[in-house]
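Remarks on the structure that follows.
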């Protein structure tokens, strides 16, 4: 009897917590949607959503952000994957170094990072105006494609991507995969691309998604360095067209959610059988891996 | 050794490629010479990139914070006055405001996030748990501009709830300290759920049963068993939330402008040239303040994380 009432008590408590949390997290979203479709004085209208595409600057800023995101993902993966694979396969002593280097950006908040960047960018005109390096300083600040933002975003995404990739490589025995592929006669390059990387698909997808989400929502660096990526554009129109900016915010959250689903689906193995086989094989591989 | 035995017995023709393999096995601790150059070459681009894209700005902050700016009377020279300025007057108010906002919202998120995570973890539904965890993953990164606008639409001056419930007449304002706390919880709570859920899952059912068999009430179990075991994770989570709230800029900037003084918005102001002549480098000194706080956060968080990982293993 005591056990029964106790369990009922727990269930009641759990329901209350879930209800409160659900209200807190859903009400702002619901209200945002209501705010965009129920304009005072005009009644129900979808004008805020239909007006998005024709709003000035929408396409260019969104395209810019997507280009920046693609470049950042390529750069981050291109830097991290070889380094992490090398540390796993050949030089375990490099792993602590990589961990420290990749965690360093956590100590510098993005506002402080952008202060550093604007300091460096000021060196250009101050000290280097007569050297060829000055051209580089101008080129990285090209408003059509600001390379400096790619650099800053890559630094900010590095800790997230490192965690995702490191966790992925922990779960798969990279060294055995590599040796198996090599002893079947594959060249090192082929072994990496056809044996190791396909097995790391989940981790690669995860790292890409985190980077993409970071770049899509990034405001601080873009705004303070004077560029106009997506988030800066939303704030810019917020002053004059409140409905429109809220509508875009709602859509950007939905977009992030949709991307998460797409990436989660893409990171799953294509068929079911390998998945089950891998789930069985993984526990056997893990102890071996942790022993090395 | 293996090579010797296989060579003595005479390898079968199809085993011909094996000796090399076996030789490799035998020398496993010492990587073959062919690979010696590979790892440094593969790691070098990352290190060079970090040196340029992270090291240079770090040097700019470190040197700029301790030198006068170029337009100051007397030109560029070493000084401590930037740092002194950064912890006085309006900047001190902003620093204090940031610390208060972060400490309070992180505390609320911890106190509210643990029951939420516990409710999800003990629900027994794998699907619910996975759904909440991925929703938390998105919401924890939802900070910034979209979040600010969602709350402006909900609780702002013309917000749906504000007008429907006449909150303004009751003294509510989103553009205040408490307004920011309510908004910050929106990304701090999911972050807390993400951080603490693995620790709650690590609480063994056997411990609860053992405590109950010894006559402990639910309260006594939490007070004497669960909370001490969870303490490192809780403290680590709190510190992480504090750091996250402390570093946040976009949400507050898009929502309240600078009506609530925060360290991040002071840096942004200073970077935009909104300072007295000759104080251009105060922004860099403020950045040093932020890095010191964030560094302290990590110095507390990392050992705590290691410690709680020991219990969860």
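The values are calculated or read from the model by the stated rules, or taken from the named source; none is laboratory data. Small disclaimer: the values here were computed from a predicted structure and weren't measured. Cβ sites come from the backbone with ideal geometry, for glycine too, and all protein chains shown count toward neighbours.
Check whether at least one residue in region A:200-207 is surrounded by 19 or more Cβ atoms within 10 Å (Cβ to Cβ) and more than 16 Å from the chain's Cα centre (by Cα), and report yes or no. Give the derivation first.
Of all residues in region A:200-207, those surrounded by 19 or more Cβ atoms within 10 Å (Cβ to Cβ) come to A:200, A:202-207.
Right, trim to more than 16 Å from the chain's Cα centre (by Cα) and you get A:200.
Yes; the residues of region A:200-207 include at least one that is surrounded by 19 or more Cβ atoms within 10 Å (Cβ to Cβ) and more than 16 Å from the chain's Cα centre (by Cα).
How many residues are buried (at least 17 other Cβ atoms within 10 Å of the Cβ) and free of Cβ contacts under 8 Å to residues at least 12 places away in the same chain if we restrict to region A:69-103?
So the answer is 7.
Any residue in region A:228-236 that is facing another protein chain (nearest Cβ under 10 Å), part of a helix (DSSP H, G or I) and more than 21 Å from residue A:153 (Cα to Cα)? Explain how you work it out, then say what you get.
The first filter runs over region A:228-236 and keeps only residues facing another protein chain (nearest Cβ under 10 Å), leaving A:230-235.
When the remaining residues are screened for being part of a helix (DSSP H, G or I), the result is A:230-235.
Within this subset, residues satisfying the condition of being more than 21 Å from residue A:153 (Cα to Cα) are none.
Within region A:228-236, none of the residues are facing another protein chain (nearest Cβ under 10 Å), part of a helix (DSSP H, G or I) and more than 21 Å from residue A:153 (Cα to Cα).
Which condition number in (1) over 21 Å from the mean Cα position of the chain (by Cα); (2) closer than 24 Å to residue A:107 by Cα is the one that residue B:235 fails?
(1)
Conditions (1) over 23 Å from the mean Cα position of the chain (by Cα); (2) modelled with pLDDT under 90; (3) within 12 Å of chain B (Cβ to nearest Cβ), marked per residue:
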position	(1), (2), (3)
A:9	yes, yes, yes
A:27	yes, no, yes
A:38	yes, yes, yes
A:49	yes, yes, no
A:67	no, no, no
A:75	no, no, yes
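Rundown of residues vs (1) farther than 23 Å from residue A:143 by Cβ; (2) surrounded by fewer than 16 Cβ atoms within 10 Å (Cβ to Cβ), yes/no style:
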{"site": "A:22", "(1), (2)": "yes, yes"}
{"site": "A:26", "(1), (2)": "yes, yes"}
{"site": "A:31", "(1), (2)": "yes, no"}
{"site": "A:56", "(1), (2)": "no, yes"}
{"site": "A:66", "(1), (2)": "no, yes"}
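Listed residues B:236, B:243; which is modelled with pLDDT of 85 or more, within 30 Å of residue B:89 (Cα to Cα) and in a helix (DSSP H, G or I)?
Being modelled with pLDDT of 85 or more, within 30 Å of residue B:89 (Cα to Cα) and in a helix (DSSP H, G or I) holds for just one of B:236, B:243, which is B:243.
Listed residues B:128, B:101; which is within 12 Å of another protein chain (Cβ to nearest Cβ) and either under 15 Å from residue B:190 (Cβ atoms) or part of a helix (DSSP H, G or I) (or both)?
So the residue among B:128, B:101 that is within 12 Å of another protein chain (Cβ to nearest Cβ) and either under 15 Å from residue B:190 (Cβ atoms) or part of a helix (DSSP H, G or I) (or both) is B:128.
Residue B:49 fails exactly one of the following numbered conditions: (1) within 8 Å of chain A (Cβ to nearest Cβ); (2) over 19 Å from residue A:85 (Cα atoms); (3) at pLDDT 90 or above. What is the number of that condition?
(2)
Please verify whether region A:117-128 includes one or more residues that are in a helix (DSSP H, G or I), surrounded by fewer than 17 Cβ atoms within 10 Å (Cβ to Cβ) and more than 12 Å from every other protein chain (Cβ to nearest Cβ).
No, the conditions are met nowhere in region A:117-128.
Please specify each residue of region B:244-267 satisfying the condition of being within 19 Å of residue B:88 (Cβ to Cβ) and crowded, with 24+ Cβ neighbours inside 10 Å. Walk me through it before giving the result.
Taking region B:244-267 as the starting set, the residues that turn out to be within 19 Å of residue B:88 (Cβ to Cβ) are B:258, B:261-267.
If the condition is that a residue be within 19 Å of residue B:88 (Cβ to Cβ) and crowded, with 24+ Cβ neighbours inside 10 Å, then B:262, B:263, B:264, B:266, B:267 are the ones that fit.
Only one of A:87, A:91, A:112 is facing chain B (nearest Cβ under 9 Å), in a helix (DSSP H, G or I), farther than 30 Å from residue B:251 by Cβ and touching a helix residue (DSSP H, G or I) at 6+ places or on another chain (Cβ under 7 Å). Can you tell me which?
Values: A:91 fails: in a helix (DSSP H, G or I); A:112 fails: farther than 30 Å from residue B:251 by Cβ.
Matching residue, one of A:87, A:91, A:112: A:87.
Okay, residues lined up against (1) more than 10 Å from chain A (Cβ to nearest Cβ); (2) assigned to a helix (DSSP H, G or I); (3) modelled with pLDDT under 85; (4) over 16 Å from residue B:248 (Cα atoms):
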residue: B:142; (1), (2), (3), (4): no, no, yes, no
residue: B:150; (1), (2), (3), (4): no, yes, no, yes
residue: B:153; (1), (2), (3), (4): no, yes, no, yes
residue: B:158; (1), (2), (3), (4): no, no, yes, yes
residue: B:162; (1), (2), (3), (4): no, yes, no, yes
residue: B:185; (1), (2), (3), (4): no, yes, no, no
residue: B:195; (1), (2), (3), (4): yes, yes, no, yes
residue: B:206; (1), (2), (3), (4): yes, yes, yes, yes
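What's the number of the only condition in (1) at pLDDT 90 or above; (2) within 9 Å of chain B (Cβ to nearest Cβ) that residue A:221 fails to meet?
All conditions are met except number (2).
For region A:99-109, which positions are touching a helix residue (DSSP H, G or I) at 6+ places or on another chain (Cβ under 6 Å) and more than 7 Å from every other protein chain (Cβ to nearest Cβ)? Even if it seems obvious, please write down each step before you answer.
Quick first cut of region A:99-109, residues touching a helix residue (DSSP H, G or I) at 6+ places or on another chain (Cβ under 6 Å) only: A:101-103, A:105-109.
Scanning region A:99-109 gives A:102, A:103.
Take the conditions more than 9 Å from every other protein chain (Cβ to nearest Cβ) and modelled with pLDDT under 85 and apply them to residue A:138. Does it pass?
On the way: more than 9 Å from every other protein chain (Cβ to nearest Cβ): yes; modelled with pLDDT under 85: yes.
Against the criterion (more than 9 Å from every other protein chain (Cβ to nearest Cβ) and modelled with pLDDT under 85), residue A:138 qualifies.
Regarding residue B:161, is this residue surrounded by 13 or more Cβ atoms within 10 Å (Cβ to Cβ) and over 30 Å from residue A:246 (Cβ atoms)?
On the way: surrounded by 13 or more Cβ atoms within 10 Å (Cβ to Cβ): yes; over 30 Å from residue A:246 (Cβ atoms): no.
No.
Here are B:263, B:271: which of them is within 21 Å of residue A:122 (Cα to Cα) and either without any contact (Cβ under 8 Å) to a residue 60 or more places away in the chain or within 11 Å of another protein chain (Cβ to nearest Cβ) (or both)? First the steps, then the outcome.
Numbers: B:263 fails: within 21 Å of residue A:122 (Cα to Cα).
So the residue among B:263, B:271 that is within 21 Å of residue A:122 (Cα to Cα) and either without any contact (Cβ under 8 Å) to a residue 60 or more places away in the chain or within 11 Å of another protein chain (Cβ to nearest Cβ) (or both) is B:271.
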